[in-house]
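What follows is one structure encoded as structure tokens, with my remarks underneath.
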Ligand code: CO
Ligand code: ZN
């Protein structure tokens, strides 16, 4: 599974520019799905029809990652930019970025009046150009962080584990699923990082009876971390609440019972900040019960996010176990 993960996390796909990720995933799901389609916003919807008698279930993992968009090129060829999604300038200076066509650049900072934490308008991308005329970047061009996947053995490091690790979990679960009574739509959503926009339209279109979003969550297991009862290596986290939603209690208990029955370790997640596609799914149409399976990750929204490989494998196991059995809320 590590090779699948590597190809997904190294792919280019900031919000609104998910095409390269969609192509990769599309190739992976063709064999296992009954039907595969892309909607108007760019969500990839791969449905397993099932043998009948079950529920219509929507799973969501977002394809997009945070990134930068060029907003101005000065006469010397330095590129000013705006963030796409929740980018902290704390993580930017000295970093490298990659544009859609593969062009790379480094992020520099103005050297006057820059405090401990520079403002975004004090930073720029240097692609090695000498002038505006020779600069290959145009206003509107979008870049992602440029970091390779690193396999530390038990732990993995990459940009964009948020949320490509969940894309990998959905793909793997789909390939391992085999027979199920449920009609399951595996939805790879767009534009989560800018406001759950893809999940909003996909959930309406899929019209499911039950939803599970799969995304990363923060941990409380690093030095001086915020108090949080989630750590790497203790299993997938089952969401209780975050800033945007309260998980449906029936779905949450069903997820817990299934993990217990299968002997899969799990943790309960109460997340102070942030939310997931689950929020958009829960409030679609007249509303549906939604739970969230979270993969614990350190350093979320930095170019070096870290997950535990066993947590990833256990997330696949839990998802497959859930989809194999009748839903009991
Ligand atoms: Co995110
Ligand atoms: Zn996410």
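Rule-based calculations on the coordinates, nothing more; no lab input. Note that this is a predicted model, so its numbers are computed, not measured. No Cβ is skipped: glycine too gets one built from the backbone with ideal geometry, and neighbour counts run over all protein chains shown.
A few remarks follow.
- Applying 1/(1 + (r/R0)^6) with r as the Cβ-Cβ distance of residue 120 and residue 49 and R0 = 56 angstrom yields a FRET efficiency of 0.75.
- Gain upon complete extension [residue 272, residue 130; 0.36 nm per residue less C-alpha separation]: 46.6 nm
- With N the number of residues in segment 18-131, Rg(Cα) / (2.2 N^0.38 Å) evaluates to 1.52.
- Solution diffusion estimate, µm²/s, Stokes-Einstein, segment 96-185, Kirkwood Rh from C-alpha pairs, 37 °C, viscosity 0.692 mPa s: 192 µm²/s
- Debye-sum result for segment 41-85 in log10 I(q)/I(0), which assumes one identical scatterer on each alpha carbon, at q = 0.14 Å⁻¹: -0.60
- From least to most packed, judged by other beta carbons within 10 angstrom and beginning with the fewest, 119, 132 follow the order 119, 132.
- Relative contact order, percent, the chain [alpha-carbon distance under 8 Å, six or more residues apart]: 23 percent
- Comparing 59, 24, 232 in a Gaussian network model of the chain (Cα springs below 10 Å), the most mobile by mean-square fluctuation is 24.
- The relative contact order of segment 67-145 comes to 45 percent, based on Cα pairs under 8 Å that sit 6 or more residues apart.
- Against the main long axis of the alpha-carbon atoms of the chain, helix 161-177 sits at an angle near 30°.
- By the count of other C-beta atoms within 10 Å, a proxy for reagent exposure, 12, 204 are ordered fewest to most as 204, 12.
- Rounded to the nearest 500, the helix-only mean residue ellipticity at 222 nm of the chain stands at -8000 deg cm²/dmol, with each DSSP H run of n ≥ 4 adding -39,500 (n - 2.57).
- Alpha-carbon spread of segment 149-204, three principal axes, descending order, Å: 38, 35, 10
- DSSP beta bridge pairing in the chain, given as percent antiparallel to the nearest 5: 60 percent
- Listing 302, 283, 222, 276 from fewest to most neighbouring C-beta atoms within 10 Å gives 222, 283, 302, 276.
- In segment 67-145, the alpha-carbon atoms span a convex hull of 82 Å³ per residue.
- In degrees, nearest ten, helix 197-206 long axis to first principal axis of the chain (Cα): 30 degrees
- Average projection, convex hull of the Cα set of the chain: 16.7 square nanometres.
- Centre separation in Å (Cα based) which lies between segment 52-66 and segment 79-102: 29 Å
- Centroid-to-centroid separation of segment 135-157 and segment 1-19 [C-alpha atoms, Å]: 10 Å
- Helix 249-262 vs. the chain, principal-axis angle (Cα, 0 to 90°, nearest 10): 80 degrees
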